[in-house]
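Scroll down for the structure; my scribbles are underneath it.
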Amino acid sequence: MTEVLPSTEEGIARAAGLLRDGALVAMPTETVYGLAGLARDDRAVAGIYEAKGRPSFNPLIVHVAEAAQLEDLVEVPAVARPVIDAFWPGPLTIVLPLKPGAPVSPLVTAGLRTLAVRMPAHPVARALLRGVGAGVAAPSANPSGRISPTTAAHVMAGLDGRIAAVLDGGDCAVGVESTILGFPEGRAVILREGGVTAEALAQVLGYTPRHRAEGDAIDAPGQLASHYAPQGRVRLGVTRPEPHEVYLGFGDMACDLNLSASGDLAEAAANLFRHFHAMDARGAERIAVAPVPEEGLGAAINDRLRRAAAPR
Ligand code: TXA
Ligand code: MG
């Protein structure tokens with residue numbers, strides 16, 4: 001039985017206790033809900049992979065309450081400091097060399113010599129992480145390959161009975177996952193587009209970070225072409241939907257569901273997975289999506305849309 005815990009002091013304390021005991025708890029973050037387990041506990045981490053049905057080669061992000069915890073986990077080069085200072089807590093994950101003896105199960109890194117770390121901004125996540133007092137490994141709380149959850153109800157729809165509890169922190173404000181940034185050869189490289197835009201990173205870095213390319217000295221093992229997919233088949237860039245298609249709009253237009261009627265990309269990101277879940281709930285078999293501009297958060301939205309539309 002999966003408990004649904006309110007995000008009260010008692011609910012958070014109960015969730016922290018479950019995590020300290022090695023159980024799995026879904027936690028709200030500002031991006032999406034995460035399926036949390038104690039990062040140093042092999043059995044808890046193995047349980048995360050099992051509950052998600054995730055291929056074991058796909059490594060996990062460790063979540064921390066305070067930036068100071070970073071030093072226990074990874075080697076932090078000077079080039080990474082400005083973005084950490086600027087965007088933590090927030091939707092930015094950084095990938096850095098794993099420190100020898102770091103309190104992290106080898107299952108978390110899945111054999112890589114680097115570790116992904118993130119400090120979420122959601123107040124409930126932060127209170128929970130402080131209560132646990134140790135790093136927490138957490139992938140998005142969805143069965144592998146499916147849509148990321150942005151409400152506690154989404155988590156229950158995918159994982160009810162497979163985890164100890166879900167801590168209900170309401171709707172996720174950002175709605176797409178964190179941006180993942182690595183620093184191979186001392187320069188920032190985007191491994192996954194997400195809640196922090198390339199434009200915002202460029203302002204702090206003084207240059208526009210490039211995207212990972214083939215042959216780069218950094219892995220991006222989890223970036224499967226087909227991912228984040230609703231059940232129905234997805235067609236992109238559609239301005240004239242076919243009659244049998246459910247139309248997902250953007251901007252002021254006639255459609256079945258709208259990412260943002262006012263054309264606001266932040267609102268569109270927050271609605272993206274929610275609308276995917278709604279498409280599944282209504283049994284949509286064919287989904288047409290209106291064009292979304294590529295600037296700002298549009299880069300992360302279009303990345304998720306392309307994966308949803310990729311051949312499965
Ligand atoms: O917003 C988020 O990042 C959410 C919330 C829960 O924090 N988490 C999330 O986790 O999206 P997940 O597991 O669904 O995606 C993490 C991605 C995976 O594609 C994984 O391959 C990649 O991060 N990753 C983890 N460790 C890595 C590493 N050391 N090097 C490169 N990529 C890594
Ligand atoms: Mg995921």
- Task: Look at region 146-156 and say how many of its residues are modelled with pLDDT of 95 or more and either more than 12 Å from ligand 1 (Cβ to nearest atom) or open to solvent by 30 Å² or more (accessible area, probe 1.4 Å) (or both).
- Result: 5
- Note on the structure: When every residue in region 175-225 that is within 16 Å of ligand 2 (Cβ to nearest atom) and β-branched (Val, Ile, Thr) is compared, the one most open to solvent (accessible area, probe 1.4 Å) is ILE180
- Task: Considering each of LEU265, LEU297, LEU257 in turn, give the residue that is open to solvent by 10 Å² or more (accessible area, probe 1.4 Å) and more than 26 Å from GLY158 (Cβ to Cβ).
- Result: LEU265
- Residues satisfying the stated conditions in region 54-81, i.e. within 16 Å of ligand 2 (Cβ to nearest atom) and either within 15 Å of the chain's Cα centre (by Cα) or part of a helix (DSSP H, G or I) (or both): ARG54, ASN58, PRO59, LEU60, ILE61, VAL62, HIS63
- Message: Against the conditions (1) assigned by TED's automatic domain parsing to the domain that holds GLY17; (2) farther than 29 Å from VAL289 by Cα, where does PRO149 fall short? Just the number, please.
- Response: (2)
- In region 33-46, anything open to solvent by 10 Å² or more (accessible area, probe 1.4 Å) and modelled with pLDDT of 95 or more is listed as ARG40, ASP41
- Take region 95-145 and flag every residue that is open to solvent by 50 Å² or more (accessible area, probe 1.4 Å) and either outside the structural domain of ILE163 (by TED's automatic domain parsing) or over 19 Å from the mean Cα position of the chain (by Cα) (or both). PRO97, LEU98, LYS99, PRO100, GLY101, PRO103, PRO106, GLY111, ARG113, ARG130, GLY133
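The values are calculated or read from the model by the stated rules, or taken from the named source; none is laboratory data. Being a predicted model, the structure only gives us computed values, none of them experimental. Counting neighbours? That spans all protein chains shown, and the Cβs are built from the backbone with ideal geometry, glycine included. When the accessible area is computed, the model is the full protein with side chains, heavy atoms only, and any ligands, DNA or RNA have been set aside. Shrake-Rupley method; radii C 1.70, N 1.55, O 1.52, S 1.80 Å.
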